[in-house]
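Accompanying notes for the structure given below.
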Amino acid sequence: MLPFSFFDAHCDTLSCCLHLGWDLRSSPGHTDLERGGQFQRYAQVFAIFHDAARAPMDGMFAECCRQAEEFFVQMKRNAALVAPCRTAADLEQTERAGKCAAILSIEGADLLECDPARLETAAQWGVRLINLTWNRANALSGSHLEEPERGLSAQGKDFVRRAQSLGILVDVSHLSDAGFWDLMDQSEKPVVASHSDARALCSNTRNLTDEMFRCICATGGFAGLNFYTPFLGLDHSLDAVFAHLEHFLDLGGEKYVGFGGDWDGCDRLPDGICGVQDMERIYEGMLRRNYSAELIEDLFYRNLKRVIFEQSEQ
Ligand SMILES: [Zn+2]
(Lines give C-alpha, C1' and ligand atoms only; values in the text may rest on other atoms or scores of the structure.)
Protein backbone atom coordinates (compact mmCIF):
# COMPACT_ATOMS: atom_id res chain seq x y z
CA MET A 1 0.00 0.00 0.00
CA LEU A 2 1.33 3.44 -0.95
CA PRO A 3 1.42 6.00 1.90
CA PHE A 4 -0.76 8.61 0.17
CA SER A 5 -4.09 9.14 -1.63
CA PHE A 6 -4.51 10.21 -5.26
CA PHE A 7 -7.38 12.07 -6.95
CA ASP A 8 -6.70 12.72 -10.64
CA ALA A 9 -8.70 15.10 -12.83
CA HIS A 10 -8.26 13.60 -16.30
CA CYS A 11 -7.84 10.32 -18.13
CA ASP A 12 -9.07 9.01 -21.48
CA THR A 13 -9.15 5.37 -20.39
CA LEU A 14 -12.89 5.01 -21.00
CA SER A 15 -12.63 5.28 -24.80
CA CYS A 16 -9.83 2.66 -24.69
CA CYS A 17 -12.21 0.36 -22.80
CA LEU A 18 -14.91 0.84 -25.43
CA HIS A 19 -12.77 0.79 -28.57
CA LEU A 20 -9.83 -1.39 -27.61
CA GLY A 21 -11.69 -3.81 -25.35
CA TRP A 22 -9.73 -2.92 -22.20
CA ASP A 23 -11.07 -3.84 -18.80
CA LEU A 24 -10.78 -1.25 -16.06
CA ARG A 25 -9.59 -3.84 -13.55
CA SER A 26 -6.30 -4.43 -15.33
CA SER A 27 -5.27 -2.60 -18.49
CA PRO A 28 -2.12 -2.21 -20.60
CA GLY A 29 -2.47 1.58 -20.28
CA HIS A 30 -1.56 4.22 -17.72
CA THR A 31 -4.10 3.38 -15.04
CA ASP A 32 -6.43 0.64 -13.86
CA LEU A 33 -8.22 -0.38 -10.68
CA GLU A 34 -5.54 -2.83 -9.54
CA ARG A 35 -2.93 -0.06 -9.61
CA GLY A 36 -5.41 2.47 -8.20
CA GLY A 37 -6.06 0.09 -5.30
CA GLN A 38 -2.45 0.63 -4.16
CA PHE A 39 -3.22 4.19 -3.03
CA GLN A 40 -4.72 4.86 0.40
CA ARG A 41 -7.65 6.27 -1.56
CA TYR A 42 -7.91 6.61 -5.34
CA ALA A 43 -10.41 8.78 -7.17
CA GLN A 44 -10.24 9.27 -10.93
CA VAL A 45 -12.17 11.50 -13.29
CA PHE A 46 -12.95 9.49 -16.44
CA ALA A 47 -13.51 11.62 -19.54
CA ILE A 48 -15.84 10.70 -22.35
CA PHE A 49 -13.83 11.74 -25.41
CA HIS A 50 -14.06 11.49 -29.19
CA ASP A 51 -12.59 13.70 -31.93
CA ALA A 52 -15.44 15.49 -33.74
CA ALA A 53 -13.40 15.40 -36.98
CA ARG A 54 -13.79 11.61 -36.87
CA ALA A 55 -17.43 11.56 -35.81
CA PRO A 56 -19.11 8.18 -36.27
CA MET A 57 -21.95 7.81 -38.82
CA ASP A 58 -24.61 8.01 -36.12
CA GLY A 59 -23.16 11.20 -34.69
CA MET A 60 -21.22 12.40 -31.65
CA PHE A 61 -24.06 12.11 -29.13
CA ALA A 62 -24.54 8.44 -30.02
CA GLU A 63 -20.83 7.91 -29.32
CA CYS A 64 -21.20 9.82 -26.05
CA CYS A 65 -24.05 7.51 -25.00
CA ARG A 66 -21.98 4.42 -25.88
CA GLN A 67 -19.10 5.62 -23.70
CA ALA A 68 -21.44 6.45 -20.81
CA GLU A 69 -22.91 2.95 -21.13
CA GLU A 70 -19.39 1.48 -21.17
CA PHE A 71 -18.64 3.40 -17.96
CA PHE A 72 -21.57 1.78 -16.17
CA VAL A 73 -20.75 -1.67 -17.62
CA GLN A 74 -17.24 -1.29 -16.18
CA MET A 75 -18.60 -0.06 -12.85
CA LYS A 76 -20.92 -3.08 -12.57
CA ARG A 77 -18.35 -5.63 -13.70
CA ASN A 78 -15.79 -4.28 -11.22
CA ALA A 79 -18.17 -3.34 -8.42
CA ALA A 80 -15.93 -4.99 -5.81
CA LEU A 81 -13.17 -2.49 -6.63
CA VAL A 82 -14.86 0.72 -7.77
CA ALA A 83 -18.02 2.79 -7.47
CA PRO A 84 -19.34 5.66 -9.59
CA CYS A 85 -19.52 8.87 -7.53
CA ARG A 86 -21.82 11.77 -8.28
CA THR A 87 -22.21 13.35 -4.83
CA ALA A 88 -20.12 13.96 -1.70
CA ALA A 89 -22.14 11.21 0.00
CA ASP A 90 -21.25 8.77 -2.81
CA LEU A 91 -17.57 9.61 -2.39
CA GLU A 92 -17.64 9.23 1.39
CA GLN A 93 -19.34 5.86 1.13
CA THR A 94 -16.83 4.73 -1.49
CA GLU A 95 -13.87 5.91 0.61
CA ARG A 96 -15.26 4.05 3.63
CA ALA A 97 -15.69 0.87 1.58
CA GLY A 98 -12.04 1.11 0.51
CA LYS A 99 -12.98 1.20 -3.17
CA CYS A 100 -11.74 3.40 -6.01
CA ALA A 101 -14.02 6.33 -6.84
CA ALA A 102 -14.93 7.02 -10.48
CA ILE A 103 -16.26 10.41 -11.61
CA LEU A 104 -17.53 11.10 -15.14
CA SER A 105 -16.57 14.09 -17.29
CA ILE A 106 -17.07 15.04 -20.94
CA GLU A 107 -14.08 16.35 -22.90
CA GLY A 108 -15.71 18.61 -25.45
CA ALA A 109 -19.33 19.72 -25.76
CA ASP A 110 -19.17 18.32 -29.30
CA LEU A 111 -20.11 15.03 -27.62
CA LEU A 112 -23.47 16.60 -26.67
CA GLU A 113 -23.53 18.14 -30.16
CA CYS A 114 -23.35 21.48 -28.26
CA ASP A 115 -27.01 21.14 -27.24
CA PRO A 116 -27.60 22.72 -23.79
CA ALA A 117 -30.71 20.52 -23.33
CA ARG A 118 -28.50 17.40 -23.40
CA LEU A 119 -26.71 18.60 -20.25
CA GLU A 120 -29.66 17.20 -18.29
CA THR A 121 -28.93 13.72 -19.62
CA ALA A 122 -25.25 14.19 -18.77
CA ALA A 123 -26.14 15.29 -15.24
CA GLN A 124 -28.32 12.19 -14.85
CA TRP A 125 -25.32 10.02 -15.77
CA GLY A 126 -23.39 11.81 -13.02
CA VAL A 127 -21.16 14.00 -15.22
CA ARG A 128 -19.48 16.59 -12.96
CA LEU A 129 -17.14 18.39 -15.39
CA ILE A 130 -17.39 19.39 -19.04
CA ASN A 131 -14.91 21.02 -21.42
CA LEU A 132 -16.62 23.48 -23.73
CA THR A 133 -14.26 22.47 -26.55
CA TRP A 134 -11.59 19.93 -27.31
CA ASN A 135 -9.09 20.98 -30.02
CA ARG A 136 -11.86 21.71 -32.56
CA ALA A 137 -13.76 24.97 -32.56
CA ASN A 138 -17.50 24.36 -32.15
CA ALA A 139 -20.80 26.23 -31.90
CA LEU A 140 -19.99 27.29 -28.31
CA SER A 141 -16.50 28.76 -28.77
CA GLY A 142 -13.19 28.72 -30.58
CA SER A 143 -10.62 26.31 -29.18
CA HIS A 144 -6.97 26.98 -28.29
CA LEU A 145 -6.11 25.52 -31.72
CA GLU A 146 -8.99 26.47 -34.08
CA GLU A 147 -10.33 30.01 -34.25
CA PRO A 148 -8.47 30.93 -31.04
CA GLU A 149 -9.64 34.56 -31.34
CA ARG A 150 -13.31 33.49 -31.06
CA GLY A 151 -14.89 33.55 -27.58
CA LEU A 152 -18.22 32.24 -26.30
CA SER A 153 -21.25 32.49 -28.59
CA ALA A 154 -24.73 33.20 -27.18
CA GLN A 155 -25.24 29.42 -27.27
CA GLY A 156 -21.95 29.01 -25.42
CA LYS A 157 -23.08 31.38 -22.68
CA ASP A 158 -26.40 29.56 -22.37
CA PHE A 159 -24.52 26.25 -22.23
CA VAL A 160 -22.33 27.54 -19.36
CA ARG A 161 -25.38 28.77 -17.42
CA ARG A 162 -27.20 25.45 -17.81
CA ALA A 163 -24.10 23.39 -16.91
CA GLN A 164 -23.38 25.40 -13.78
CA SER A 165 -27.02 25.34 -12.66
CA LEU A 166 -26.95 21.53 -12.94
CA GLY A 167 -23.79 21.30 -10.80
CA ILE A 168 -21.50 20.51 -13.74
CA LEU A 169 -18.20 22.40 -13.51
CA VAL A 170 -16.90 24.09 -16.64
CA ASP A 171 -13.43 22.89 -17.66
CA VAL A 172 -11.27 25.33 -19.65
CA SER A 173 -8.53 22.94 -20.80
CA HIS A 174 -8.47 23.13 -24.66
CA LEU A 175 -10.58 26.34 -24.73
CA SER A 176 -9.51 29.49 -26.63
CA ASP A 177 -8.11 32.35 -24.55
CA ALA A 178 -11.03 34.49 -25.76
CA GLY A 179 -13.47 31.82 -24.55
CA PHE A 180 -11.67 31.67 -21.20
CA TRP A 181 -12.14 35.39 -20.55
CA ASP A 182 -15.77 35.35 -21.72
CA LEU A 183 -16.38 32.49 -19.31
CA MET A 184 -14.73 34.41 -16.46
CA ASP A 185 -17.07 37.34 -17.13
CA GLN A 186 -20.16 35.25 -16.52
CA SER A 187 -19.11 32.30 -14.36
CA GLU A 188 -20.90 31.90 -11.05
CA LYS A 189 -19.14 28.71 -10.01
CA PRO A 190 -15.55 27.51 -9.59
CA VAL A 191 -13.73 27.09 -12.90
CA VAL A 192 -11.49 24.10 -13.54
CA ALA A 193 -8.57 23.46 -15.91
CA SER A 194 -8.44 19.68 -15.52
CA HIS A 195 -5.20 19.04 -17.45
CA SER A 196 -3.12 22.15 -18.19
CA ASP A 197 0.32 23.40 -17.18
CA ALA A 198 1.92 26.85 -16.75
CA ARG A 199 2.38 28.93 -19.91
CA ALA A 200 5.11 30.97 -18.19
CA LEU A 201 7.30 27.85 -18.34
CA CYS A 202 6.08 26.37 -21.63
CA SER A 203 4.42 28.74 -24.08
CA ASN A 204 1.83 26.32 -25.43
CA THR A 205 -1.75 27.58 -25.76
CA ARG A 206 -2.94 24.46 -23.90
CA ASN A 207 -1.33 25.96 -20.81
CA LEU A 208 -2.54 28.66 -18.40
CA THR A 209 -1.06 32.14 -18.15
CA ASP A 210 -0.33 33.40 -14.63
CA GLU A 211 -3.32 35.73 -14.91
CA MET A 212 -5.61 32.85 -15.90
CA PHE A 213 -4.37 30.72 -13.03
CA ARG A 214 -4.94 33.51 -10.51
CA CYS A 215 -8.48 33.96 -11.83
CA ILE A 216 -9.16 30.22 -11.53
CA CYS A 217 -7.97 30.36 -7.89
CA ALA A 218 -10.22 33.39 -7.26
CA THR A 219 -13.26 31.35 -8.35
CA GLY A 220 -12.29 28.64 -5.84
CA GLY A 221 -11.40 26.42 -8.81
CA PHE A 222 -8.67 23.93 -9.65
CA ALA A 223 -5.84 23.31 -12.12
CA GLY A 224 -4.54 19.78 -12.71
CA LEU A 225 -0.94 19.37 -13.87
CA ASN A 226 -0.69 17.52 -17.20
CA PHE A 227 2.21 15.05 -17.57
CA TYR A 228 2.32 15.25 -21.39
CA THR A 229 5.92 16.33 -21.95
CA PRO A 230 5.27 18.78 -24.86
CA PHE A 231 3.11 20.82 -22.43
CA LEU A 232 5.74 20.63 -19.70
CA GLY A 233 8.50 21.78 -22.09
CA LEU A 234 11.82 22.17 -20.27
CA ASP A 235 13.33 18.70 -20.11
CA HIS A 236 11.59 15.36 -19.66
CA SER A 237 12.63 14.82 -16.06
CA LEU A 238 10.46 14.90 -12.97
CA ASP A 239 12.07 18.27 -12.24
CA ALA A 240 9.94 19.68 -15.07
CA VAL A 241 6.77 18.56 -13.23
CA PHE A 242 8.03 20.18 -10.04
CA ALA A 243 8.93 23.40 -11.88
CA HIS A 244 5.29 23.74 -13.04
CA LEU A 245 3.93 22.72 -9.64
CA GLU A 246 6.12 25.19 -7.77
CA HIS A 247 5.31 27.96 -10.24
CA PHE A 248 1.61 27.54 -9.43
CA LEU A 249 2.40 27.30 -5.70
CA ASP A 250 4.34 30.58 -5.95
CA LEU A 251 1.20 32.16 -7.43
CA GLY A 252 -0.75 31.16 -4.29
CA GLY A 253 -2.04 27.84 -5.58
CA GLU A 254 -1.65 25.62 -2.47
CA LYS A 255 -5.39 25.00 -2.27
CA TYR A 256 -6.05 25.02 -6.02
CA VAL A 257 -3.47 22.79 -7.71
CA GLY A 258 -3.32 19.05 -8.20
CA PHE A 259 -2.96 16.56 -11.00
CA GLY A 260 -4.75 15.79 -14.25
CA GLY A 261 -2.28 13.37 -15.75
CA ASP A 262 -3.92 12.94 -19.19
CA TRP A 263 -3.51 9.19 -18.62
CA ASP A 264 -4.20 7.11 -21.75
CA GLY A 265 -4.74 10.38 -23.63
CA CYS A 266 -1.06 11.09 -24.24
CA ASP A 267 1.91 9.09 -25.44
CA ARG A 268 4.82 10.98 -23.91
CA LEU A 269 5.30 11.08 -20.13
CA PRO A 270 8.26 12.30 -18.06
CA ASP A 271 11.19 9.96 -17.43
CA GLY A 272 10.30 7.48 -14.71
CA ILE A 273 6.53 7.95 -15.08
CA CYS A 274 4.81 5.07 -16.90
CA GLY A 275 1.41 5.36 -15.25
CA VAL A 276 -0.32 6.12 -11.95
CA GLN A 277 1.84 3.50 -10.21
CA ASP A 278 4.75 5.94 -10.51
CA MET A 279 3.04 8.78 -8.62
CA GLU A 280 5.16 7.47 -5.74
CA ARG A 281 8.12 9.22 -7.39
CA ILE A 282 6.27 12.52 -7.21
CA TYR A 283 5.43 11.80 -3.57
CA GLU A 284 9.09 11.09 -2.80
CA GLY A 285 10.08 14.31 -4.60
CA MET A 286 7.65 16.23 -2.38
CA LEU A 287 9.18 14.71 0.75
CA ARG A 288 12.70 15.58 -0.48
CA ARG A 289 11.52 19.15 -1.00
CA ASN A 290 10.16 19.23 2.55
CA TYR A 291 6.50 19.70 1.61
CA SER A 292 4.29 19.41 4.70
CA ALA A 293 1.96 16.43 5.09
CA GLU A 294 -0.94 18.88 4.85
CA LEU A 295 0.27 20.32 1.52
CA ILE A 296 0.92 16.85 0.08
CA GLU A 297 -2.60 15.70 0.98
CA ASP A 298 -4.07 18.88 -0.55
CA LEU A 299 -2.14 18.50 -3.81
CA PHE A 300 -2.74 14.78 -4.21
CA TYR A 301 -6.35 14.61 -3.11
CA ARG A 302 -8.15 17.29 -1.16
CA ASN A 303 -8.00 20.23 -3.59
CA LEU A 304 -9.79 18.34 -6.34
CA LYS A 305 -12.17 16.69 -3.89
CA ARG A 306 -13.15 20.10 -2.58
CA VAL A 307 -13.86 21.66 -5.95
CA ILE A 308 -15.96 18.75 -7.22
CA PHE A 309 -17.71 17.66 -4.05
CA GLU A 310 -17.75 20.59 -1.66
CA GLN A 311 -18.67 23.46 -3.97
CA SER A 312 -19.34 26.53 -1.90
CA GLU A 313 -21.54 29.17 -3.44
CA GLN A 314 -19.25 31.66 -5.15
ZN1 LIG B 1 -7.26 16.77 -23.41
(request) Please go through segment 177-205 and pick out each residue that is within 20 Å of S105 (Cβ to Cβ) and either buried (at least 22 other Cβ atoms within 10 Å of the Cβ) or among the acidic types (D, E) (or both). (result) G179, F180, L183, E188, P190, V191, V192, A193, S194, H195, S196, D197
(request) Go through segment 102-137 and count every residue that is of a type outside the set (V, I, T), within 16 Å of the ligand (Cβ to nearest atom) and touching a strand residue (DSSP E or B) at 6+ places or on another chain (Cβ under 9 Å). (result) 13
(message) When you scan segment 72-95, do you find a residue that is within 16 Å of the ligand (Cβ to nearest atom) and of a type outside the set (F, W, Y), even just one?
(response) no
(request) Being more than 15 Å from the ligand (Cβ to nearest atom) and among the hydroxyl-bearing types (S, T, Y) narrows it down to one of S176, S237, S196, so name that one. (result) S237
(request) Would you check if M1 is of a type in the set (A, V, I, L, M, F, W, C), modelled with pLDDT under 95, away from the ligand (no atom under 16 Å from the Cβ) and not in a helix (DSSP H, G or I)? (result) yes
(request) Name the one entry in Q164, Q155 that is polar (S, T, N, Q), surrounded by 20 or more Cβ atoms within 10 Å (Cβ to Cβ) and part of a helix (DSSP H, G or I). (result) Q164
(request) Just need a number here: residues in segment 228-239 that are outside any loop (DSSP other than H, G, I, E, B) and over 20 Å from the mean Cα position of the chain (by Cα). (result) 2
(request) Could you identify the single residue in R86, R66 that is surrounded by fewer than 21 Cβ atoms within 10 Å (Cβ to Cβ) and out of contact with any Leu (no Cβ under 7 Å at 6 or more places or on another chain)? (result) R86
(request) Tell me, please, whether a residue that is touching a helix residue (DSSP H, G or I) at 6+ places or on another chain (Cβ under 7 Å), free of Cβ contacts under 8 Å to residues at least 40 places away in the same chain and on the phi < 0 side of the Ramachandran plot can be found in segment 279-301. (result) yes
(request) Name every residue in segment 174-219 that is over 19 Å from L299 (Cα atoms), assigned to a helix (DSSP H, G or I) and small (G, A, S), in order of residue number. (result) A178, G179
(request) Please determine, by comparing only the residues of segment 22-40 that are hydrophobic (A, V, I, L, M, F, W, C) and within 28 Å of N303 (Cα to Cα), which one is surrounded by the fewest Cβ atoms within 10 Å (Cβ to Cβ). (result) L33
(request) Filter segment 41-60 down to residues that are within 16 Å of the ligand (Cβ to nearest atom), closer than 24 Å to R306 by Cα and not polar (S, T, N, Q) and give me whichever is surrounded by the most Cβ atoms within 10 Å (Cβ to Cβ). (result) A47
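Is there a residue in segment 229-244 that is charged (D, E, K, R), touching a helix residue (DSSP H, G or I) at 6+ places or on another chain (Cβ under 7 Å) and surrounded by fewer than 19 Cβ atoms within 10 Å (Cβ to Cβ)?
Looking for residues that are charged (D, E, K, R), touching a helix residue (DSSP H, G or I) at 6+ places or on another chain (Cβ under 7 Å) and surrounded by fewer than 19 Cβ atoms within 10 Å (Cβ to Cβ), one finds none in segment 229-244, hence no.
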(request) Please go through segment 40-55 and pick out each residue that is touching a residue at least 60 places away in the same chain (Cβ under 8 Å) and among the hydrophobic types (A, V, I, L, M, F, W, C). (result) A43, V45, A47, I48, F49, A52, A53
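For segment 138-149: of the residues being away from the ligand (no atom under 15 Å from the Cβ) and under 9 Å from S176 (Cα atoms), which is surrounded by the most Cβ atoms within 10 Å (Cβ to Cβ)?
The qualifying residue surrounded by the most Cβ atoms within 10 Å (Cβ to Cβ) is S141.
The values are calculated or read from the model by the stated rules, or taken from the named source; none is laboratory data. All figures in this text were calculated on a predicted structure; none of them were measured in a lab. With ideal geometry, Cβ positions are generated from the backbone for all residues, glycine too; neighbour counts draw on all protein chains shown.
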